Structure formats: structure tokens, C-alpha cells
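Below is one structure, written out as C-alpha cells; the observations come after it.
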Amino acid sequence: MKLENKEITSDSNKHPVLKDVTDIHIHTAPDIKPRLESDIEAALNSKKEFMHSIVLKSHIEPTAGRAKIASEVTGFPVFGGVVLNESVGGLNLEAVKTCAAMDGKFVWFPTISASSVKFDMNKIEEIIHVIADNNMVLLTGHLKPEEIFKLIDMAHGQGIWKIVVNHPFAGVVSATLNEQKEMSKHAFLEHCYVTCMEKHQNLDPLNIKNSIRKVGADRCIMATDFGQKHNLSPSHGMKMYIKTMEAMGIKKSEIRRMSIGNPKNLIYK
């Protein structure tokens, strides 16, 4: 299916495309890579589209404090967390505790440092305890399927249900459909639209549709992973994503579950 990287406007002020939608995966400035929008600009643009909330992700620094500032300045719900890459000390228990103390809700396991941060079961167990005690969301980052299964088992064993497998189709993860089905027993699958973009992996969105059909919308989340200067803004990217899924036969009720219900439950339940 050919994708056109163009903006999509709301159907009308009464029926905005993104009403109540939450994007749990966007990248904003400041960053070491060029980003299209600042934290505050992303919040304002999302607010203008009647979205419910957004989640700021940075590969290099915690975003809980940044999210608080953006929320206070814009009056729009913005959430953050910490990615356990080398820049914060890898599997750093204190970084997770600090994130929790600052009302951070999301803990991503290593992404750009996934190949260099040792998968230390003892450290991971300590981190999982903090996540469980603070009702945070555990996300698998760029771990490979074998590690993801271990992490899901450990987290589920501690009673954590807020588990998200980040972009399972992306090359950094490369989970098969059967692996995704198994992961979805105790985790949500976060399907990021950026993997379908020409300057990324240029995957056919049919891959996402097939996963939704195999796993079910109740276990999937739609997110953009946008924020790069060469892509649309995250809010316009989400509109494009929704329209693409609708064109591929995904029901509106399923889209609402994946872009509204499931993300909201992760944040507020």
C-alpha cells in the first residue's frame, strides 16, 4: 500500500479525527538529534487537535520533569519517564526510583544501548519491584524477542499488567507474528507508524493490520514514534495512521480501543 506523507485535516470541528487520542511514543526537542517540535509545541499542537494526552520519550535523558513543565505551560496532559540507556547508567535502579518520585509513568528498557547494556537478571528484578510498587508502565525498548519473553515473565510474575512491547515489527526487535501472539498474552503490542515511513523501514502497513487481526485490538496500541524533522508532526502522523488503518478495513471501534482506550488505561488505571 503506497503511503503519502501529507497532512490530513480533521473532518470538522465537531468530529476531529484525534479527539481523545493518546500517543504514547513521540520524540521532541531538546535532543541530540534534530526534532520537529519542542515539548511545548507538541503539547500545544496535540491540544489543538483535541487529543487526550501525549507521552514524551527520549533515548538520552528522563522526560518526567520535561513533561511536568509542558503540562503546566500548556494545560494539556503530558507524561514522561526514563529509558534505561547508558546515558542514565543503564539498568540504574536509582534512575527508576527518581523517575517515580517525579511522577514519571513510563520505564523503557534499553533502546539505543540495547546491545551494550548487559541483561542482568538481578538488576532487572529490582527495577521491576519499583515499577510494580509505583504502578508504572514497563516497556521493552529495543530488546530482542528472547529477552522480551524473559522480561514479560518476570514482570507478570510480580503482578504487573502494564507491559508494552515496543514496535515489534521494527528491525531492532524483529518479532514474528507467532512471537507477537505469545507476547500479547501478558503484554500490549505497540505498533508504531514510523516503521512504515519511507526514510525508516518503509514497511507495508499490512504488517500492522495482520498483527491486529492475529492478536486482537484489545492487546494492541497505535503510536507514531514521530518527531523526526523529515516526517510529519506527531499529531498529523497519527491522523495519517488512523486513516490508513481505516482504509485497510480496521474498524473504528478497534482504532478507538488501540488509540484511546488502551493507552488511557495504561496511564490512569
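Cβ-Cβ distance below 6 Å, separation of 6 or more or different chains: which pairs start in segment 33-61 with a residue that is farther than 20 Å from Val21 by Cα and end on one that is in a helix (DSSP H, G or I) and not aliphatic (A, V, I, L, M)? Matching pairs, first to second residue: Ile60/Ser87. Restricting segment 157-198 to residues that are in a loop (DSSP other than H, G, I, E, B) and closer than 16 Å to Met240 by Cα, the residue that is modelled with the highest pLDDT is Met197.
Have a look at Lys239, Lys209 and point out the one that is more than 22 Å from His27 (Cα to Cα) and either touching a Ser or Thr at 6+ places or on another chain (Cβ under 9 Å) or of a type outside the set (A, V, I, L, M) (or both).
Sole residue among the options that is more than 22 Å from His27 (Cα to Cα) and either touching a Ser or Thr at 6+ places or on another chain (Cβ under 9 Å) or of a type outside the set (A, V, I, L, M) (or both): Lys209.
Here Pro62 fulfils each of the conditions (1) over 16 Å from the mean Cα position of the chain (by Cα); (2) crowded, with 21+ Cβ neighbours inside 10 Å; (3) in a loop (DSSP other than H, G, I, E, B) apart from (1). What do you reckon, is Phe119 within 29 Å of Ala175 (Cα to Cα), surrounded by fewer than 20 Cβ atoms within 10 Å (Cβ to Cβ) and of a type in the set (A, V, I, L, M, F, W, C)? Judged against the criteria, Phe119 is a match. Residues in segment 208-229 that are surrounded by fewer than 21 Cβ atoms within 10 Å (Cβ to Cβ) and in contact with a Pro (Cβ under 9 Å, 6 or more places away or on another chain): Gln228, Lys229. Mind checking which residues of segment 83-138 are closer than 16 Å to Gly65 by Cα and among the hydroxyl-bearing types (Ser, Thr, Tyr)? Hit for segment 83-138 is Thr98, nothing else.
From the list Asp204, Asp218, the lone residue that is part of a loop (DSSP other than H, G, I, E, B), in contact with a helix residue (DSSP H, G or I) (Cβ under 8 Å, 6 or more places away or on another chain) and over 22 Å from Ile112 (Cα atoms) is Asp204.
The values are calculated or read from the model by the stated rules, or taken from the named source; none is laboratory data. The structure presented is a predicted model; accordingly, all values stated were derived computationally and were not measured. Backbone-built Cβ (ideal geometry, glycine too); neighbour counts: all protein chains shown.
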